[in-house]
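Here is the structure we will look at, set down as structure tokens.
Here, each number is a calculation from the coordinates, and none is a lab measurement. Since this is a predicted model, take the numbers as computed values, not measurements. Cβ: placed from backbone, ideal geometry, glycine included. Neighbour counts: every protein chain shown.
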Amino acid sequence: MDPCEVVVAVDLGGTRMKCGLVAADGAVLHRETRPTPRADARDGGRAVLDALLETVVELGQKATAEGHRVRAVGVVVPGVIDAEHGTVGAENLEWVGTPVLAELQAAVRAAHGDHVPIVLAHDVRAGGYAEFRQGALAGTTNSMFLPLGTGIAAAMIVDGSLVSGDGYAGELGHSKFIHGDAAELCACGQWGCLETVASAAAMARRYTARTGRTVDGAREVMQLLAAGDPDAAQVWHDALAALVDALVLYTTLVAPTRIAIGGGLVGAGETLLQPLREGVHARLTFQREPEIVAAVLGEEAGMLGAAQMAWDRAGADEEEQR
Ligand SMILES: [Zn+2]
């Protein structure tokens, strides 16, 4: 394997873009983060798209300047990616049917010519793919990656393949698990979604709503929980109940052997994982019980998955040309 061949990988998820130049063996030859501009509805998220294009082009130039050959580009973004049209809808980026793939293709073609393929994928699915190929889900054929972040989405490995559903699969965070008066309005427009109680953002928001006290994210809620704070205990209880429902549903439908929980909250370790295991164990009857573990690749998972997908594409294109 030529060590001077690289892919450009960018994960646009979160407030900072995670970027890398990654060799075929997975070695990250260069890594950096860049701020994601604040999305503005007035320009349809154009500033975010421009920053993404600029980042991809500059990383490619850096690779070339250092003597590497760019074999492919992998970009992963939040939201719903229409795989057929290469368009993205992402509320927090102000993108509505935004032609991200076409814009990337134009920018990459101008910088490198026609021969560099581009993969555009979902950030959570890419993170799950990285965990599957080189992380907590390695060696499984049926598994799930479930990061609890600003929102909740699942990356589903079914019979050895990452399921994308033409770009629409894995939205477990937008299944209704809270019913009646307790259901809160979700950003998606539905009431009582898993995300409204169990995302990291929701746990922090719900703690503040109960106590009037601002917290530094869900991590602080977990610390308060460990310290015996009753409001933190209630917020966690609600999150846990919905998460257990979601994991039991997923287990019943898809029979994973392992579930990797991701997001900053996994820093809470067994405080988070042990009640989930016990809750799921108590609810299963005939189903195969999954191991519930912490994801291991952390914030880099999406970028590493983007790189892996880009290398897969480069390899497939090579096969085709033979
Ligand atoms: Zn929702």
Margin query: With a 10 Å cut-off between alpha carbons and a GNM built on the chain, which of 20, 167, 74 moves the most?
Written below: 167
Margin query: Quick query: amide H of residue 140 versus all other amide H atoms, modeled in the peptide plane; which residues come in under 5 Å with a sequence gap of 5 or more or a different chain?
Written below: none
Notebook entry, point to check: If amide H atoms are built 1.01 Å from N in the plane of the peptide, which residues on other chains or at least 5 residues away come under 5 Å of the amide H of residue 296?
Noted result: 136
Note to self: I need the helices of the chain that pass two filters: whole DSSP H segments spanning 24 Å or more by Cα along the axis, and mean Kyte-Doolittle score no lower than 0.0.
What the structure shows: 46-65, 230-254
Margin query: Shape verdict for region 135-206, please, from the Cα gyration tensor: rounded (a/c under 1.5), prolate (a/b greater than b/c) or oblate.
Written below: prolate
Next item on the list: Can you tell me the alpha carbon radius of gyration of region 1-126 divided by the globular rule-of-thumb value 2.2 N^0.38 Å?
Entry: 1.01
Note to self: Tell me which of 237, 167, 178 sits at the most positive position along the dipole axis of region 157-278, charges placed on C-beta atoms (Lys, Arg +1; Asp, Glu -1).
What the structure shows: 237
Notebook entry, point to check: Tell me, what is the Rg over Rh of region 92-179, with Rh the Kirkwood radius over Cα pairs?
Noted result: 1.05
Margin query: Stokes-Einstein diffusion coefficient for the chain at 10 °C in a medium of 1.306 mPa s, Rh from the Kirkwood formula over Cα pairs: what value in µm²/s?
Written below: 78
Next item on the list: Would you please calculate the Kirkwood hydrodynamic radius of region 207-269 over all C-alpha pairs and express it in Å, rounded to one decimal?
Entry: 13.1
Next item on the list: Quick one: dipole size for the chain, taken about the Cα centre, charges +1 on Lys/Arg Cβ and -1 on Asp/Glu Cβ, in debye to the nearest 20.
Entry: 460
Checklist line | Calculated from backbone phi, Karplus (6.51, -1.76, 1.60) coupling profile of region 23-34 in Hz, x at Gly/Pro | finding: 7, 4, 7, x, 5, 8, 7, 8, 9, 7, 10, 9
Notebook entry, point to check: How much mean residue ellipticity at 222 nm does the chain get from its helices, if each DSSP H run of length 4 or more adds -39500 (n - 2.57) and you divide by all residues, to the nearest 500 deg cm²/dmol?
Noted result: -13000 deg cm²/dmol
Check: What is the set of long-range amide H partners of residue 74 at a cut-off below 5 Å, with H atoms built 1.01 Å from backbone N?
Finding: 8, 9, 10, 119
Check: Among 208, 285, 214, 55, what is the fewest-to-most ranking by other Cβ atoms within 10 Å?
Finding: 285, 214, 208, 55
Note to self: Over 10 Å intervals from 0, what percent of Cα-Cα pairs in region 136-296 sits in each interval?
What the structure shows: 11, 41, 36, 11, 1
Check: Taking chymotrypsin sites (Phe, Trp or Tyr not before Pro) as exposed when DSSP calls them loop (any state but H, G, I, E, B) and at most 12 other Cβ atoms lie within 10 Å, what is the longest stretch of the chain free of them, the sites themselves excluded?
Finding: 1-167
Checklist line | In region 48-127, trypsin sites (Lys or Arg not before Pro) in a DSSP loop with at most 13 other beta-carbon atoms within 10 Å | finding: none
